[in-house]
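Okay, structure first, notes after.
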Amino acid sequence: MKTAPLAAVLSVLLLAACGRAEPVGDMPSQEELAAAANAAAANALESQKAEEAESRNYVNIERGFSVTFPEGWTKDGAASTADGVVYQDPGAGADVRVFWQKNDNDQTLQQIVEAVSSGSEGVDGDFIGDNEYRGTANDGEGNNVAIRLLKQPDGSIVTATFVYPEMLSEQYQAIAEKVLDSLKIFAPKAQTPEGGAAEAANATAAAGQ
C-alpha cells in the first residue's frame, strides 16, 4: 500500500530535477568564469579611474577656463566660488587657486602683473606675447608661488597661483608647472551662440515683467 505514494514522490522529484538540469556542454568552464571575473574587475577599475580623472578636471563654462589638478588633492568648497576654485594637498600645506576676474579698467597684463608684484617678494617672470604671463614669487612666509595669468579676448583675466612650502621646492616645482600648463581658456558661455541667445531671451523676459 505504501508503494504508490513513494512512486508518486519519486516522479515529482524526477520531474523537478529534469526541469533544473542543464546540458554539461552549456556550463561555463573555470577559465571562462575567471576571464569574466577579470573583465568585470578591469571595467570597474577603468570606471573608477574615469571618475577620478573627471573629479580632477575643473571646467568653468560660465567664465571660460579649465584646469587639471593633481591626483589626490581635494577641493576647498568654502574658498571656491562661481568665479573659480581652490584645491589643496591635504598633507603638505600646498594649494592651487584659479579664478576669473573682470577687468573693468581694461588694464594691460603688464599693469596687472605690477599690481600682483607689489604684494609679493622676489617676483620674477616673463610675458609670453600680450596675453600671457608666467612667473614665480615668494609670499614672505616661507612659501613659493608659481603664477600664470591669461588675458581673455574680452579683457578679463584668469589668474592661477600654485603655492607650496619653499623647503619642498624639489617635490612641487614640476607638479606646479604641470598644473599651470593645463590651464586653458575658451569662450565663456555668454559669448557663445547658445549662451548669447539665452541671455537675450532672459533680457527680453525681464523687460516684459
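Can you pull the percent of region 61-191's accessible area that's carbon plus sulfur, 1.4 Å probe, other chains left in place?
The C+S portion of the solvent-accessible surface of region 61-191 is 47 percent.
Calculated FRET efficiency, residue 75 and residue 167, Cβ-Cβ r, R0 35 Å, to nearest 0.05?
0.85
Any idea how far apart residue 62 and residue 192 come out in nm if each label point goes 7 Å out from Cα toward Cβ?
With each label point 7 Å from Cα toward Cβ, the separation is 1.5 nm.
So with the 1.4 Å probe, I'd like the accessible area per residue for region 60-196, rounded to whole Å².
54 Å²
Amide H to amide H under 5 Å from residue 63: which residues, 5+ apart in sequence or cross-chain, H placed 1.01 Å off N in plane?
Under 5 Å from the amide H of residue 63: 189.
For residue 177 paired with residue 127, estimate the spin-label separation in nm (one decimal), with each label point 7 Å from Cα along the Cα-to-Cβ line.
Using points 7 Å along Cα→Cβ, the separation is 2.4 nm.
What ranking, highest mean first, results for peptides 57-63, 76-82, 137-143 when packing means the other Cβ atoms within 10 Å averaged over each residue? If you can, show how the numbers build up before the last one.
Working: 57-63: 16.7, 76-82: 11.4, 137-143: 13.9.
By packing density, highest mean first, the sequence is 57-63, 137-143, 76-82.
The values are calculated or read from the model by the stated rules, or taken from the named source; none is laboratory data. Everything numeric here is computed off the predicted structure, so don't read it as measured data. Reconstructed Cβ throughout: ideal geometry from the backbone, glycine too, with neighbour counts over all protein chains shown. In case anyone asks, the SASA skips ligands and DNA or RNA and just uses the protein heavy atoms, side chains included. Shrake-Rupley method; radii C 1.70, N 1.55, O 1.52, S 1.80 Å.
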